[in-house]
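I have placed the structure first, in the form of structure tokens, so that the comments after it can refer back to it.
The values are calculated or read from the model by the stated rules, or taken from the named source; none is laboratory data. Everything quoted here is computed from the prediction, not taken from an experiment. Neighbour counts are summed over all protein chains in view; Cβ atoms, including those assigned to glycine, are modelled from backbone coordinates with ideal geometry. Accessible surface is based on the protein model in full, side chains and every heavy atom, while ligands, DNA and RNA are left aside. Shrake-Rupley method; radii C 1.70, N 1.55, O 1.52, S 1.80 Å.
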Amino acid sequence: MFRNGVSKLVDNPSDDICPVCKSNRYLNPSLQFLINPECYHKMCSTCVDRIFTSGPAPCPVPHCGKTLRKRGFHKAFFADLAIEREVDVRKRVGAVFNRRHDEFETLLDWNNYLEEVEGLVFDIVEGDVKTRTIAEEKLRMYKEANKGVIEENTRVGLEEGELERRREKAEREAARQRRLAVLREEEEEKADMLKTRQSVLDRLANEDVDANTIAAQAQKIILKKTSARRALKDIPIQSNGSAMDAGLTIRGLKKKEAPAPEKPYDPFGGLDLTPARYVLQDHYENEWLGGAKKDTRHMAGGYSLQEYYARTMFEAFSGLGVFIEDEVTDRNQQPQAVVAPAVETAAAVQAAVSKTKFERNMELDDVF
Amino acid sequence: MKFNIGDLPVLFPYPRIYPEQYAYMCDLKKTLDAGGHCVLEMPSGTGKTVSLLSLIVAYQQYYPEHRKLIYCSRTMSEIEKALAELKALMKYREEQLGHKEEFRGLGLTSRKNLCLHPTVKREKSGAVVDARCRSLTAGFVKEKKSKGEDVPVCIYHDNLDLLEPHNLIPNGVWTLDGLMKYGEEHKQCPYFTSRRMMSFCNVIIYSYHYLLDPKIAERVSKELSKDCIVVFDEAHNIDNVCIESLSTDITEDSLRKATRGAQNLERKITEMKETDADKLKNEYAKLVEGLRDAEEAREEDAFMSNPALPDDLLKEAVPGNIRRAEHFVAFLKRFVEYLKTRMKVRQVISETPPSFLAHLKEYTFIEKKPLRFCAERLTSLVRTLELTNIEDYQALQEVATFATLVATYENGFLLILEPYESDTAEVPNPVLHFTCLDAAIAIKPVFDRFSSVIITSGTISPLEMYPKMLGFTTVVQESYSMTLARRSFLPMIVTRGSDQVAISSGFQVRNEPSVVRNYGNLLTEFSKLTPDGMVVFFPSYLYMESIISMWQGMGILDEVWKYKLILVETPDAQETSLALETYRTACCNGRGAILLCVARGKVSEGIDFDHQYGRTVLCIGVPFQYTESRILKARLEFLRETYRIRENDFLSFDAMRHAAQCLGRVLRGKDDYGIMVLADRRFLKKRNQLPKWIAQAILESEVNLSTDMAVGSAKKFLRGMAQPFKPKDQEGISTWSLRDLEKFKEKQEEESIRQLREGMADAVIGGRVTTEGNGHPPEEDAHEFDDDELEASMMELNDD
């Protein structure tokens, strides 16, 4: 391990010494290096404070002399400053050339476009002064020419990022919930076990029954409880799984242009009540209804023959085309809620960093 | 002996057969007929390999399809053993049939084991041999040679080109030694002979990795046809092999090397641009077209192959931003730098591939898609540049493989960054584990491609867990018990010492002096009564070391020393093999010896202690996995979420599987005998998780013993074993001659005939009623009801 540390020093001796004031990490353990994207020269934070607090000043590195401001200094993400610079260039170029795959007709076009952009970045990063200025000019021209498209694509990109983040968050949350549920359940199980054991001990101490029968009863109770628990167990997880699915479908929902306009209230909840198997007619010729049509006694009190027809027809046809067996088997065969595999991986993430020990429940003693 | 299973004539190269071997073969045939997968657990030392081979070879030769057999085993020695068995079998068949069959059986192992080149074969590391071999045999080297340039080549490899490509080696079974000899005689490379002949032989025997590790499998095994029969022997840790083959670890050191590799690549590219720009242009043009065309140039000399690209992706073109060589190298450098930065974090991080990719994109503008093509693009570049010293790029290749995997799989994988080696370490030594959680991912292509996959081992209980974890369905799932003429092994569970203190290697009590002393007493007692060799298994190296030092303090080792030589397994392979050799010598001469080893170590997996080499095996403690490992925790969580396998179940079954594996080491045949002691309180409740053949042999009176009781029954057992035992006593019970087999078959037939007859009788009654019904059409309506009723009552009768 020590060797590693040494080789690191040998690899890059400037890693721990400020090139400006030559102070090193040995003397100043809190040494921190900052860079300015103007010239990417590294110096320690003390130097930055010392030189640039009183306003813009030239870079202290010999032969550089670029005017720098304190505001521009920040910590480098990469150890290799060439890469840091390249990434900064990429950020700039990427903000302009942000076309998306679906804007292109063929894959070849898209790939050609990608290569062109890559070439441009390369020119800016590695090229000499001339190629660099040409490339910068290209970049500027493209930006002028395609302002609208760029803005549109930026917006879409942001939105997508937001959605992705939200989805991930939902997944993480679901995984956490499930983990918690499992832990809680295990604890309950354990507490239950202890309680049963205690009660058995009490009974053995107080009651005047044969010890063996009590033991047998206790065993039975435990078995019953465990099986009940097992049966219970799948339900919460399943419901959680479906909750998860809802979280996942956010992605689909969001893509809709606008929410559908609200429909008028429907008391039947969308159920269609018009008869499908027959057409209700105004009159049915029937001899024993003939009297009812004319008889004033029948006409009284708002009695309507139409009402009677409708009810009779409904009763005659109701239940046709309904197969109870099929529905029962359908219900039994309902697919189990499929849990999105993403959640499982997310759960594993949490398991890996968590501090729960499995050792403790390695051996669950039964009562006797 | 020769007998029939169904219509299939089987030639079995021994005069006697074990009943379980016959049952095993019948189930195998059933599986092959049905064209599905199966999981079979067969006791160790009952001739699993020979029954497997003789049935499948008979199957191959009898049916016109001639389905090829791919037999995968775990270690070199097992591969050699299987080849020798196959050779003996084919010899026997030849004698019996009177003519030589058109048959070719070959083994394949690494270049290191098969190389004949005078200087290359002297290299010690496998990776160096591979690299040097490639630099001598690659396609471009040959091209250069034909142009008249003076480049070093391998004469053994080049001689192969002079032969007919489908007949590099004559028919027959070639053991690895035989192959080497043949190669030396005819000056041809055994490795490439074997590789190229693979599609022309009937049986291939090689290591798991050639089929499971996608990095190798794609190159070695892609030409095998769909109807091949795939056998995984000793498959009890196949899930771990699957997982390991898709996991990578990245360290700071490997990243440094990768940077250096990228710099080298960059230099080579500039060199090539100056001298031979056409080549780069050619490559570029090809990549514009798509990977599939580049694919054609890919051959056995390829530098590495893509670990995971699905086929349809290969048809796609390489993304534009890594098409040019210099762009790609910059891309790699950026990725490596990013990883370096990530490694500087000083806390444990665990994240999913999508979140890793999101972070990566935010900081380096590397998209998922080019990342996915990383491995493929690197291979292509290395080929174009005609690099010879490939070992310099190993680290870069690892990083590229990692890039491809992380971009290809969203689920079932996890990134864990561990900055310190242990919780107490002060000096950081960061490791980025990219670990696969789902064993089904690596093995899925195997199940998708081959119609019959047979998974078999001495210990794969519980049988239903494997299909679940590996994601397949079985036709047959069977565990066989062991038929014995006498009780030739004595499994015992010792739960307390002579002083009635419970013994356990549980975390809380493992270092208590009373427990350690009781384990010591157990060891001394058994070292006194065991003739010849004794093997002791501990759950871990750490525990073994601590307990040995405590024993030393208690004077227990001195006591043991009076009776036996004491030898210890160490993590170092060479030291261990020396210890093993000494152990064997000691067992053959004089008092015998004790070998102290670790349940998950090398000794427990594949070293046999037959006869005098092992009379007692003592398993101290339940060999649980190290549960504090983050990777294991993540995997357990994943298993629970995905397959509803509870953590405790998984850990416990895994531990018992390893315990059984240890116990099985001493019993290597039916004339062998041995004592098996499981010394831990917790074994009492885990008894039913042992494989059927062991669990069946444990008597109810021997599950909760104290040390002195165990000693008593062991002495009694050994006295019984000392009685003369003639092979004749076994006949008809645990070994069958042809006559016994026929008798059994007759009985079986009678049984089936009887059943059939009963069925027939039922059918006749039913049938008569129906004909009656048909005979009187006018009364049809009335009779239909009767028929139904009668049939219903028949059904009830049948059920009875």
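Let me confirm something: among B:SER752, B:SER701, B:SER706, B:SER713, which residue is among the hydroxyl-bearing types (Ser, Thr, Tyr) and surrounded by 18 or more Cβ atoms within 10 Å (Cβ to Cβ)?
Details: B:SER752 fails: surrounded by 18 or more Cβ atoms within 10 Å (Cβ to Cβ); B:SER701 fails: surrounded by 18 or more Cβ atoms within 10 Å (Cβ to Cβ); B:SER713 fails: surrounded by 18 or more Cβ atoms within 10 Å (Cβ to Cβ).
Being among the hydroxyl-bearing types (Ser, Thr, Tyr) and surrounded by 18 or more Cβ atoms within 10 Å (Cβ to Cβ) holds for just one of B:SER752, B:SER701, B:SER706, B:SER713, which is B:SER706.
B:LEU678 is checked against (1) assigned to a helix (DSSP H, G or I); (2) closer than 20 Å to B:GLY533 by Cα; (3) more than 21 Å from the chain's Cα centre (by Cα) and fails just one. What number does that condition carry?
Looking at each condition in turn, B:LEU678 falls short on (1).
For B:GLU326, are the conditions met, namely being free of Cβ contacts under 8 Å to residues at least 60 places away in the same chain, open to solvent by 30 Å² or more (accessible area, probe 1.4 Å) and either facing another protein chain (nearest Cβ under 9 Å) or acidic (Asp, Glu) (or both)?
No; evaluated as a whole, the condition is false for this residue.
Hey, any hits in region B:582-600 for a residue that's surrounded by fewer than 21 Cβ atoms within 10 Å (Cβ to Cβ), closer than 30 Å to B:SER481 by Cβ and among the hydrophobic types (A, V, I, L, M, F, W, C)?
Checked against the condition, which is being surrounded by fewer than 21 Cβ atoms within 10 Å (Cβ to Cβ), closer than 30 Å to B:SER481 by Cβ and among the hydrophobic types (A, V, I, L, M, F, W, C), region B:582-600 yields no hits at all.
Can you tell me which residues in region A:185-210 are assigned to a helix (DSSP H, G or I), surrounded by 11 or more Cβ atoms within 10 Å (Cβ to Cβ) and either at pLDDT below 80 or of a type in the set (Lys, Arg) (or both)?
Correct list: A:LYS190, A:ARG197, A:ARG203.
Restricting attention to region B:92-102, report how many residues are outside any loop (DSSP other than H, G, I, E, B), surrounded by fewer than 18 Cβ atoms within 10 Å (Cβ to Cβ) and in contact (Cβ under 8 Å) with a residue 12 or more places away in the chain.
Narrowing region B:92-102 to residues outside any loop (DSSP other than H, G, I, E, B): B:92-97.
Filter once more, keeping what is surrounded by fewer than 18 Cβ atoms within 10 Å (Cβ to Cβ): B:92, B:94-97.
Checking the rest, the ones that are also in contact (Cβ under 8 Å) with a residue 12 or more places away in the chain come to B:92, B:96-97.
Residues flagged as outside any loop (DSSP other than H, G, I, E, B), surrounded by fewer than 18 Cβ atoms within 10 Å (Cβ to Cβ) and in contact (Cβ under 8 Å) with a residue 12 or more places away in the chain within region B:92-102 amount to 3.
Per-residue answers, yes or no, for (1) exposed (fewer than 15 other Cβ atoms within 10 Å of the Cβ); (2) at pLDDT 95 or above; (3) not in a strand (DSSP E or B):
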| position | (1), (2), (3) |
| --- | --- |
| B:LEU490 | no, no, no |
| B:GLN500 | yes, no, yes |
| B:GLY506 | no, no, yes |
| B:VAL509 | no, no, yes |
| B:VAL515 | no, no, yes |
| B:PRO531 | yes, no, yes |
| B:LEU542 | yes, no, yes |
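Does region A:303-322 hold any residues that are surrounded by 11 or more Cβ atoms within 10 Å (Cβ to Cβ) and part of a helix (DSSP H, G or I), and which are they?
A:LEU305, A:GLN306, A:TYR308, A:TYR309, A:ALA310, A:THR312, A:MET313, A:PHE314, A:ALA316, A:PHE317
Considering only residues that are open to solvent by 80 Å² or more (accessible area, probe 1.4 Å) and of a type in the set (Ser, Thr, Tyr), which ones fall in region A:134-153?
Within region A:134-153, no residue meets the criteria.
Residues to consider are B:ALA634, B:ALA655, B:ALA660; find the one that is more than 12 Å from every other protein chain (Cβ to nearest Cβ), in a helix (DSSP H, G or I), in contact (Cβ under 8 Å) with a residue 24 or more places away in the chain and under 25 Å from B:GLY471 (Cα atoms).
On the way: B:ALA634 fails: more than 12 Å from every other protein chain (Cβ to nearest Cβ); B:ALA655 fails: more than 12 Å from every other protein chain (Cβ to nearest Cβ).
Checking each option against the conditions leaves just B:ALA660.
Out of the residues in region B:410-425 that are assigned to a loop (DSSP other than H, G, I, E, B) and crowded, with 21+ Cβ neighbours inside 10 Å, state the one that is farthest from the other protein chains (Cβ to nearest Cβ).
Pass one, region B:410-425, residues assigned to a loop (DSSP other than H, G, I, E, B): B:410-412, B:419-425.
Going one step further and asking which of them are crowded, with 21+ Cβ neighbours inside 10 Å, we end up with B:411-412.
Details: B:ASN411: 4, B:GLY412: 6 Å.
Only one residue tops the list, namely B:GLY412.
Quick one: is B:GLY601 closer than 24 Å to B:GLN552 by Cα and in contact with an Asp or Glu (Cβ under 8 Å, 6 or more places away or on another chain)?
On the way: closer than 24 Å to B:GLN552 by Cα: yes; in contact with an Asp or Glu (Cβ under 8 Å, 6 or more places away or on another chain): yes.
Here the answer is yes, as B:GLY601 does meet what is asked.
From the set of residues in region A:158-187 that are within 11 Å of chain B (Cβ to nearest Cβ) and small (Gly, Ala, Ser), which is farthest from A:ALA351 (Cα to Cα)?
For region A:158-187, the residue satisfying everything is A:GLY161.
Based on what the data block shows, is B:THR735 open to solvent by less than 60 Å² (accessible area, probe 1.4 Å), among the polar types (S, T, N, Q), touching a residue at least 24 places away in the same chain (Cβ under 8 Å) and not assigned by the TED database to the domain that holds B:ALA502?
Numbers: open to solvent by less than 60 Å² (accessible area, probe 1.4 Å): yes; among the polar types (S, T, N, Q): yes; touching a residue at least 24 places away in the same chain (Cβ under 8 Å): yes; not assigned by the TED database to the domain that holds B:ALA502: yes.
Against the criterion (open to solvent by less than 60 Å² (accessible area, probe 1.4 Å), among the polar types (S, T, N, Q), touching a residue at least 24 places away in the same chain (Cβ under 8 Å) and not assigned by the TED database to the domain that holds B:ALA502), B:THR735 qualifies.
On the given criteria, is B:LYS686 within 14 Å of another protein chain (Cβ to nearest Cβ) and either more than 17 Å from B:VAL535 (Cα to Cα) or not hydrophobic (A, V, I, L, M, F, W, C) (or both)?
Numbers: within 14 Å of another protein chain (Cβ to nearest Cβ): yes; either more than 17 Å from B:VAL535 (Cα to Cα) or not hydrophobic (A, V, I, L, M, F, W, C) (or both): yes.
The answer is yes for B:LYS686.
Which of the strands (runs of 3 or more DSSP E) found entirely inside region B:1-43 contain at least 2 residues meeting this: over 23 Å from B:ILE443 (Cβ atoms)? Before the answer, list the steps.
Values: elements: B:2-5, B:8-11, B:37-41.
Passing ranges, in order: B:2-5, B:8-11.
Taking region B:590-625, which residues are touching a strand residue (DSSP E or B) at 6+ places or on another chain (Cβ under 8 Å) and within 14 Å of another protein chain (Cβ to nearest Cβ)? Even if it seems obvious, please write down each step before you answer.
Residues of region B:590-625 that are touching a strand residue (DSSP E or B) at 6+ places or on another chain (Cβ under 8 Å), as a first pass: B:591-599, B:603-604, B:609, B:614-621, B:623.
Selection gives B:GLY621, B:PRO623.
Return yes or no: is B:PRO370 in a helix (DSSP H, G or I), within 14 Å of another protein chain (Cβ to nearest Cβ) and closer than 21 Å to B:ALA634 by Cβ?
Answer is no for this residue.
Which residue pairs have Cβ atoms closer than 8 Å, lie 6 or more positions apart in sequence or on different chains, and pair a first residue in region A:283-312 that is of a type in the set (S, T, N, Q) with a second residue that is open to solvent by 90 Å² or more (accessible area, probe 1.4 Å)?
These pairs meet every condition: A:GLN306/A:ASP282.
Let me confirm something: among B:THR352, B:THR379, B:THR341, B:THR364, which residue is within 11 Å of another protein chain (Cβ to nearest Cβ), of a type outside the set (Phe, Trp, Tyr) and within 34 Å of the chain's Cα centre (by Cα)? Walk me through how you get there before you give the answer.
Numbers: B:THR379 fails: within 11 Å of another protein chain (Cβ to nearest Cβ); B:THR341 fails: within 34 Å of the chain's Cα centre (by Cα); B:THR364 fails: within 34 Å of the chain's Cα centre (by Cα).
Result of the check over B:THR352, B:THR379, B:THR341, B:THR364: B:THR352.
Can you tell me which condition A:VAL156 does not meet? The list is (1) of a type in the set (Val, Ile, Thr); (2) within 25 Å of the chain's Cα centre (by Cα); (3) surrounded by 15 or more Cβ atoms within 10 Å (Cβ to Cβ), and all the others hold.
Every listed condition holds for A:VAL156 apart from (3).
Go through region B:247-269 and count every residue that is open to solvent by less than 30 Å² (accessible area, probe 1.4 Å) and more than 14 Å from every other protein chain (Cβ to nearest Cβ).
Of the residues in region B:247-269, 4 are open to solvent by less than 30 Å² (accessible area, probe 1.4 Å) and more than 14 Å from every other protein chain (Cβ to nearest Cβ).
Given the conditions (1) open to solvent by 10 Å² or more (accessible area, probe 1.4 Å); (2) outside any loop (DSSP other than H, G, I, E, B); (3) free of Cβ contacts under 8 Å to residues at least 40 places away in the same chain, report the number of the one that B:ALA84 does not fulfil.
(3)
Taking only region B:51-72 into account, find how many residues are in a helix (DSSP H, G or I) and open to solvent by 10 Å² or more (accessible area, probe 1.4 Å). Step through it out loud before you land on a result.
Going residue by residue through region B:51-72, those that are in a helix (DSSP H, G or I) are B:51-62.
Remaining after also requiring open to solvent by 10 Å² or more (accessible area, probe 1.4 Å): B:59, B:61-62.
Here the count works out to 3.
For region B:156-185, what are the residues that are farther than 14 Å from B:LEU114 by Cβ and part of a helix (DSSP H, G or I)?
Start the filter on region B:156-185 by keeping residues that are farther than 14 Å from B:LEU114 by Cβ, which leaves B:158-159, B:161-167, B:170-173, B:185.
Passing the criteria: B:ASP158, B:ASN159, B:GLU185.
Answer with yes or no whether B:GLY105 is open to solvent by less than 10 Å² (accessible area, probe 1.4 Å), of a type outside the set (S, T, N, Q) and within 26 Å of B:HIS209 (Cα to Cα). Give the derivation first.
Numbers: open to solvent by less than 10 Å² (accessible area, probe 1.4 Å): yes; of a type outside the set (S, T, N, Q): yes; within 26 Å of B:HIS209 (Cα to Cα): yes.
So B:GLY105 passes the test.
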